[in-house]
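Shown next, in structure tokens, is the structure this report addresses.
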Amino acid sequence: MEVRKSNKPSGVIGIIGHVGVGHVHSHMGFVQDDSGGFAVATSLLKRALPVNSHIRAVECDIARGAVTVVTEDGGTGTAASRRGLTPSEAALMRAAVGKDAVFTQSIAVSSFGRMYSQGVTETPVAFQTAIARALVDTFVRKYPESVHVVPEDLPGTAGRVLGTVVEIEGIPVSLLAVVNAGEGGLGPNEDLEGNVALGAKRELMRSLSLPSLPTIVIEGKMFVPKVSETVETNTFWIRAQEEVDNTTVAACLAQAARELGLPFLYSKDVLPQSRDALRRATAALGRRIVEIGEKLQKAELAKDKVALIAELAVIVSQDAGGITFMSNPLHEVVRGAGLVPGTSAVLSLLVTLSEKDWWKIPQLLPQDVENYLDVVMLAVQKLSKVLDAAREELARKYSWDDYDWKRIL
């Protein structure tokens, strides 16, 4: 399919893909490559605005604890690791030279073997941040008149948001590639994921008319307990809560996957709004940590102290990812995928239990991105034919501007 840069100020359809830097693990065994949306969005943009996104250099400042990634087309991205860099870590990161910066999490994981967030392994998370920022900067340097970039400007964030308009088979599409990253390699901080419109990102979205466009939100490659265990092969997962999200968008994604012969699931009841779901989960996790702390206070034997701290390490490095990634009041409205009510549906890729057991952390592959692109581009064509229905559903369900978002700023 033809993809080219558009001269129009905005599209009639939106596509948004993000990377939740470091958001690898979550609760109850959930694990993912959360760079899928960003990889798809930037790969789509590369078809319209070609760049060489391979890594040319990785420069490490041991004294400052900062890593800078440089792409072949001159894009640079820098990020710092809270506890600094070691020479050995620098050597591991330099081995990423020659790899495609589109695959931010896969590069970080393959460089270090694995990755955790919440301040557990800060250097891999900082490295992923630098890679993602370098890719965004590559488009800026080569096409400064064609793309618009703003920083994440919520407290504690270090990401970037890139926006432009492309045409897919002549259909104008407002495209957003979002880097959600925490400072110091901490992460995940994803208050600006999906089509959440806040701060500088909100102004960029408005310039592209994205708040009023039926939108495809692209998420990553994931293992989801109970859901993934029902599939025999990697399977696209289309989600749109029936009474909240844009089911017209979701139906077009499902039609595209079916027509392409790609396995998919379509769920209409897995993204319910809840006034306090994340708040309750946060409190429950806090109680688990307190219980371990109380046991630790009474522990006498080394083996018991080691076991308790090891249990705490799992909670902090894995389960905590399910509550740290978003602010509680925001989650009440947009839920885990960052979907503004009425606007959108989300596309993810489920991995099988056997793949998760082998890799431990799913890794996004070039063929995954190609399959995503096939589904998304065909869905755009289908959606262009039912825009009136999608717009009507958006107008009827839309809920955003009347909320007091200052509570999370």
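The values are calculated or read from the model by the stated rules, or taken from the named source; none is laboratory data. Predicted model only: the values in this text are computed from it and were never measured. For neighbour counting, all protein chains shown are included, and Cβ atoms are generated from backbone atoms with ideal geometry for every residue, glycine included.
None of T157, T129 is within 13 Å of A79 (Cβ to Cβ) and surrounded by 23 or more Cβ atoms within 10 Å (Cβ to Cβ) except T129. Residues in the range 74-133 that are more than 30 Å from G29 (Cβ to Cβ), part of a loop (DSSP other than H, G, I, E, B) and of a type in the set (S, T, Y): T86 alone. When residues in the range 346-363 are screened for being in a loop (DSSP other than H, G, I, E, B), surrounded by 24 or more Cβ atoms within 10 Å (Cβ to Cβ) and within 15 Å of the chain's Cα centre (by Cα), 1 of them pass.
Restricting attention to the range 66-81, the residues being surrounded by fewer than 17 Cβ atoms within 10 Å (Cβ to Cβ) and closer than 20 Å to Q118 by Cα number 0. Of all positions in the range 305-322, none carries a residue that is assigned by TED's automatic domain parsing to the domain that holds V227, over 17 Å from the mean Cα position of the chain (by Cα), part of a helix (DSSP H, G or I) and not hydroxyl-bearing (S, T, Y). Quick check: is even one residue across the range 141-150 touching a helix residue (DSSP H, G or I) at 6+ places or on another chain (Cβ under 6 Å), in the same structural domain as M93 (by TED's automatic domain parsing) and farther than 23 Å from G11 by Cβ? Checking the range 141-150: not a single residue is touching a helix residue (DSSP H, G or I) at 6+ places or on another chain (Cβ under 6 Å), in the same structural domain as M93 (by TED's automatic domain parsing) and farther than 23 Å from G11 by Cβ. If I filter the range 337-345 for residues that are at pLDDT 95 or above, closer than 27 Å to T247 by Cα and not in a loop (DSSP other than H, G, I, E, B), do I get at least one hit? There is at least one residue in the range 337-345 that is at pLDDT 95 or above, closer than 27 Å to T247 by Cα and not in a loop (DSSP other than H, G, I, E, B). Considering the range 135-226, the qualifying strands (runs of 3 or more DSSP E), each wholly inside and each with 1 or more residues that are within 21 Å of V69 (Cα to Cα) and either touching a strand residue (DSSP E or B) at 6+ places or on another chain (Cβ under 9 Å) or of a type in the set (D, E, K, R) (or both), run over 148-151, 160-168, 171-180.
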